[in-house]
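Chemist: This is the structure I have questions about; it appears just below.
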Amino acid sequence: MASIEVPALPIPKVALVTGASSGIGKAIAARLAAMGSTVIVGYNSRRTMAEDVIAGLQGSGHLTLRIAIDDPASIAEAVRTVEERYGRLDALVNCGGATTPVPANDLDGLTDEIFDRTVTINLRGPFAMVRAFRPLLERGSQAAIVNISSIAARTGLGSSLAYLAAKAGVDALTIALAKVLAPRIRVFSVSPAGVDTDFVPGRSREQLVKTAERLPLAHVTTPDDVARAAVACITNLTSATGIVVPVDEGRHL
């Protein structure tokens with residue numbers, strides 16, 4: 001019986017992950033490094049944690065890089081650093097974000113300051129990263145962008161109305177950018193439900209478990225669940241772009 005020849009996966013040579021000092025970003029960095037990518041671990045304020053991530057990655061040539069995604073000067077400096085050191089970028093994962101929990105019915109509690117800050121970090125930030133790194137991505141091979149969104153964009157339930165609105169914007173931006181950046185760059189959203197991290201201040205694991213019990217798959221989403229989906233977009237979905245991939249245990253149902 002003749003053997004079936006399976007083409008090798010397109011492994012990104014250089015990948016940048018924002019928000020990679022912990023949680024989902026850390027898991028994505030680990031997956032990419034294990035596949036053979038050189039990973040740039042982007043962080044904002046937790047430098048020591050980012051350095052610990054680098055120390056645990058397989059392979060060599062990795063880099064920690066401070067990127068404040070709400071600061072154009074910080075992003076521009078990051079572009080210069082990546083260009084000087086690597087000269088290209090094959091994958092950009094926009095995982096950096098932040099949220100301030102405000103109950104949905106507390107409209108007064110959701111101040112303009114909280115709303116603007118939430119949108120700046122979670123929506124404008126990813127766009128600013130794409131805009132700045134586009135030239136380096138166009139030099140890459142089978143380049144891909146993965147925006148970490150949230151199923152809150154679809155369900156209308158999240159840590160705040162501003163957060164779910166910002167993530168809905170990310171999904172819309174993903175679809176629009178997929179058209180704009182084709183055919184050189186593919187663009188995806190990966191849309192998780194509540195993930196077992198400390199991302200949402202004050203949210204306990206017990207709350208996550210209680211919610212998970214009501215979901216079709218009855219499972220608390222882990223950072224690695226999201227990481228596997230992000231890596232699949234980059235390496236497996238080579239004939240897809242502009243799609244939103246739920247990683248939510250069926251919550252969207």
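Chemist: Of all residues in the stretch 220-251, count the ones that are surrounded by 19 or more Cβ atoms within 10 Å (Cβ to Cβ) and of a type in the set (Ser, Thr, Tyr).
Modeler: The total comes to 3.
Chemist: Could I ask something else about it? Could you tell me which of the residues Ser37, Ser3, Ser60, Ser22 is among the polar types (S, T, N, Q), surrounded by fewer than 20 Cβ atoms within 10 Å (Cβ to Cβ) and in contact with a Lys or Arg (Cβ under 8 Å, 6 or more places away or on another chain)? So that I can check it myself, show each step before the final result.
Modeler: On the way: Ser37 fails: surrounded by fewer than 20 Cβ atoms within 10 Å (Cβ to Cβ); Ser3 fails: in contact with a Lys or Arg (Cβ under 8 Å, 6 or more places away or on another chain); Ser60 fails: in contact with a Lys or Arg (Cβ under 8 Å, 6 or more places away or on another chain).
Exactly one residue qualifies, and that residue is Ser22.
Chemist: Kindly indicate which of Arg134, Arg186, Arg139 is in contact with a Cys (Cβ under 8 Å, 6 or more places away or on another chain) and free of Cβ contacts under 8 Å to residues at least 60 places away in the same chain. Write out each step before concluding.
Modeler: Working: Arg134 fails: in contact with a Cys (Cβ under 8 Å, 6 or more places away or on another chain); Arg139 fails: in contact with a Cys (Cβ under 8 Å, 6 or more places away or on another chain).
So the residue among Arg134, Arg186, Arg139 that is in contact with a Cys (Cβ under 8 Å, 6 or more places away or on another chain) and free of Cβ contacts under 8 Å to residues at least 60 places away in the same chain is Arg186.
Chemist: Enumerate the helices (runs of 4 or more DSSP H) found wholly within the stretch 127-241, keeping only those where 2 or more residues are under 26 Å from Val102 (Cα atoms), at pLDDT below 95 and hydrophobic (A, V, I, L, M, F, W, C).
Modeler: Details: elements: 152-155, 161-181, 205-212, 223-235.
It comes to 152-155, 205-212.
Chemist: From (1) free of Cβ contacts under 8 Å to residues at least 40 places away in the same chain; (2) over 19 Å from Arg124 (Cβ atoms), pick out the condition that doesn't hold for Ile11.
Modeler: Single failed check for Ile11: (1).
Chemist: Restricting to the stretch 160-175, give me the number of residues that are touching a residue at least 24 places away in the same chain (Cβ under 8 Å) and crowded, with 23+ Cβ neighbours inside 10 Å.
Modeler: First, the residues of the stretch 160-175 that are touching a residue at least 24 places away in the same chain (Cβ under 8 Å): 160-163, 165-167, 169-171, 173-175.
So of that shortlist, the ones also crowded, with 23+ Cβ neighbours inside 10 Å come out as 162-163, 166-167, 170, 174.
The qualifying residues number 6.
Chemist: Also, I was wondering about something else. Only residues in the stretch 33-61 that are within 15 Å of Leu16 (Cα to Cα) and touching a residue at least 24 places away in the same chain (Cβ under 8 Å) count as the first member; pair them with residues that are of a type in the set (S, T, N, Q) and exposed (fewer than 15 other Cβ atoms within 10 Å of the Cβ), Cβ under 6 angstrom, at least 6 apart or cross-chain, and list the lot.
Modeler: Ala33/Gln58; Ala34/Gln58
Chemist: Under 6 Å by Cβ, and 6 or more places apart or on different chains, what pairs join a residue from the stretch 97-118 that is within 23 Å of Ser191 (Cβ to Cβ) with one that is of a type in the set (S, T, N, Q) and outside any loop (DSSP other than H, G, I, E, B)?
Modeler: Gly97/Asn122
The values are calculated or read from the model by the stated rules, or taken from the named source; none is laboratory data. Quantities reported herein were computed from a predicted structural model and do not represent experimental measurements. Quick reminder, even Gly has a Cβ in these numbers, built from the backbone with ideal geometry, and neighbours come from all protein chains shown.
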